[in-house]
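Accompanying notes for the structure given below.
The values are calculated or read from the model by the stated rules, or taken from the named source; none is laboratory data. Owing to the predicted nature of the structure, the values given are computational and were not obtained by experimental measurement. Using ideal geometry, Cβ is built from the backbone for each residue, glycine included, and neighbour counts are taken over all protein chains shown. Just the protein is used for accessible areas: all its heavy atoms, side chains included, with ligands, DNA and RNA removed. Shrake-Rupley method; radii C 1.70, N 1.55, O 1.52, S 1.80 Å.
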Amino acid sequence: VATDNKAAGATAAQTLEALIGGAPAHGGQVLMIRFTEGSASTRLREEGFTAELANYPALKLAAQQFTDGSMAGAQRVAETLLGNYVKNNKLELAGVFASNQPTAEGTYNALKSLRDKGVEVTAKVVGFDDSALLLQGLQNGVIDALVVQDPEKMGYLGVKSLVEHLQGKPVQPYIDTGVTVKTKANTSAP
């Protein structure tokens, strides 16, 4: 009982493409801030994102980089990567994807810092997971969407499946609990 992370990554790419639209700015360049090498769930999200992004010829994955797994490490990576695309006080990217909570929080901090320095940021930003900081990012417009898992559903269906198994009833070997896309429009303030 879990999130199908590859499908969730594809949802992130679909969401980003919809936010960017049919005529992307800055050559359709997209960054992906990755979690850490060896994490199976985020690797699958990143693979799903990359595979789905390939279906949109106007968008291209310009750069991607692993972080050390911490929010601070993700912020350092994001600051470096984003800095490579700042020209004439404008961030020349169409979009950014961050594959889990620490990478999304670090990316949010890096983007907010650029905006606070007066850099014009029009890139659309999709993060994965949510937290008070990420919901703040949705509300202040630094983050455009969050792909969010459903831990309540995971717990409920996990217990339900276990009870059914103990009662001798057949249970599915794998149950995808899905994801929800949160935006400012469908999410109240934190």
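Which one is nearest to K6 (Cα to Cα) among residues in the stretch 118-162 that are among the hydroxyl-bearing types (S, T, Y) and loosely packed, with under 14 Cβ neighbours inside 10 Å? Among those that are among the hydroxyl-bearing types (S, T, Y) and loosely packed, with under 14 Cβ neighbours inside 10 Å, it is Y156.
Could you list all residues from the stretch 61-78 that are more than 14 Å from G127 (Cβ to Cβ), open to solvent by 10 Å² or more (accessible area, probe 1.4 Å) and not in a strand (DSSP E or B)?
F66, D68, G69, S70, A72, R76, V77
Against the list (1) buried (at least 22 other Cβ atoms within 10 Å of the Cβ); (2) assigned to a helix (DSSP H, G or I), the condition V30 fails is (2). Taken across the stretch 163-176, residues that are open to solvent by less than 50 Å² (accessible area, probe 1.4 Å), in contact with a Ser or Thr (Cβ under 9 Å, 6 or more places away or on another chain) and on the phi < 0 side of the Ramachandran plot do occur, with at least one present. Between a first residue in the stretch 155-172 that is free of Cβ contacts under 8 Å to residues at least 60 places away in the same chain and in a helix (DSSP H, G or I) and a second residue that is exposed (fewer than 11 other Cβ atoms within 10 Å of the Cβ) and charged (D, E, K, R), which pairs have beta carbons less than 9 Å apart while being 6 or more apart in sequence or on different chains? Close Cβ pairs (under 9 Å, with a partner that is exposed (fewer than 11 other Cβ atoms within 10 Å of the Cβ) and charged (D, E, K, R)) amount to V163/K169.
Just one of (1) open to solvent by 30 Å² or more (accessible area, probe 1.4 Å); (2) assigned to a helix (DSSP H, G or I); (3) hydrophobic (A, V, I, L, M, F, W, C) fails for A58. It is (2). Within the bounds of the stretch 79-98, is there any residue that is in contact with a helix residue (DSSP H, G or I) (Cβ under 7 Å, 6 or more places away or on another chain), at pLDDT 95 or above, in a helix (DSSP H, G or I) and not β-branched (V, I, T)? Yes, the stretch 79-98 contains at least one residue that is in contact with a helix residue (DSSP H, G or I) (Cβ under 7 Å, 6 or more places away or on another chain), at pLDDT 95 or above, in a helix (DSSP H, G or I) and not β-branched (V, I, T). Note on the stretch 2-27: among residues that are assigned to a loop (DSSP other than H, G, I, E, B) and touching a Gly at 6+ places or on another chain (Cβ under 9 Å), the one that is least open to solvent (accessible area, probe 1.4 Å) is T3.
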